[in-house]
Ligand SMILES: Cc1cc2nc3c(=O)[nH]c(=O)nc-3n(C[C@H](O)[C@H](O)[C@H](O)COP(=O)(O)O)c2cc1C
């Protein structure tokens with residue numbers, strides 16, 4: 001484990017409404033094995049894709065999908081964020097600064113603060129071929145946000161073949177990338193803790 005990882009750090013795992021969402025516990029477990037405290041956040045659409053109770057048991061923390069009510073405790077500050085699986089919808093919104101749900105609010109702000117953020121998409125080749133999507137990927141990379149799509153990362157699947165690719169979804173690549181990014185991150189900058 002690198003020096004900067006010695007004290008326990010908080011990873012936000014942001015889940016969107018795409019095929020691998022129900023397996024996000026795999027990423028949570030991998031991160032916990034490497035010493036991270038994990039805070040799961042879900043888009044409103046993703047809530048029905050995941051087992052909220054199981055994830056809350058696994059992390060010991062509430063799954064966040066909306067702004068907290070007055071008096072509810074804040075989430076710990078993020079040292080890094082992984083969006084996985086990231087949908088076509090959320091990638092396009094994030095790239096264009098749209099913040100119309102809680103997790104987009106948090107991640108838009110975190111990117112602005114320089115919090116290491118990594119995006120692992122799960123999109124079919126039709127979505128991936130769209131000009132707006134390609135532009136979104138480039139915009140995010142231009143803000144030093146790795147989007148793990150293409151050779152050596154997530155490869156878009158043919159339409160309607162997503163379920164057969166779930167076993168090879170590269171969860172661990174997103175964690176490796178987040179840890180690489182945190183190595184070069186200055187400690188004064190920290191993420192949202194709303
Ligand atoms: C069963 C099901 C599977 C879906 N799979 C994907 C997917 O793999 N990738 C994707 O980008 N969108 C997928 N979608 C569409 C998204 O769920 C939809 O665009 C949604 O608005 C995304 O919301 P979010 O980005 O806020 O999570 C799927 C929808 C359903 C109902």
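Values in this text are rule-based calculations from the coordinates and carry no lab data. Computed from a predicted structure; not experimentally measured. Cβ coordinates were reconstructed from backbone atoms using ideal geometry, including for glycine residues, and neighbour counts include every protein chain displayed.
Between residue 134 and residue 172, what is the FRET efficiency for a Förster distance of 25 Å, r being their Cβ-Cβ separation, to the nearest 0.05? Given R0 = 25 Å and the Cβ-Cβ separation, E is 0.45. Length available on full extension from residue 51 to residue 89: 0.36 nm per residue minus the Cα-Cα distance, which gives 11.5 nm. Using just its DSSP H runs of length 4 or more, each adding -39500 (n - 2.57), the chain gives a mean residue ellipticity at 222 nm of -10000 deg cm²/dmol after division by all residues.
In this simple spin-label approximation, residue 7 and residue 72 carry label points 7 Å from Cα along the Cα→Cβ vector, and these lie 2.8 nm apart. Tilt of helix 131-142 relative to the longest C-alpha principal axis of the chain, in degrees (0 to 90, nearest 10)? Rounded to the nearest ten degrees, it is 30. To the nearest ten degrees, helix 171-183 and the longest principal axis of the Cα atoms of the chain are 50 degrees apart. Relative contact order, whole percent, for the chain stands at 25, derived from Cα pairs under 8 Å and 6 or more residues apart.
With semi-axes defined as the square roots of five times the eigenvalues of the C-alpha gyration tensor, the equivalent ellipsoid of the stretch 1-119 measures 20, 17, 15 Å, largest first. FRET efficiency for the residue 155 to residue 100 pair, using the beta carbon distance and R₀ = 22 Å, is estimated at 0.15.
Extending 7 Å from the Cα toward the beta-carbon at both residue 164 and residue 144 defines two label points whose distance is 4.2 nm.
Expressed per residue, the C-alpha convex hull volume of the stretch 64-193 stands at 120 Å³. Normalised by the number of residues in the stretch 17-57, the mean separation of alpha-carbon contacts (under 8 Å, six or more apart) gives a relative contact order of 58 percent.
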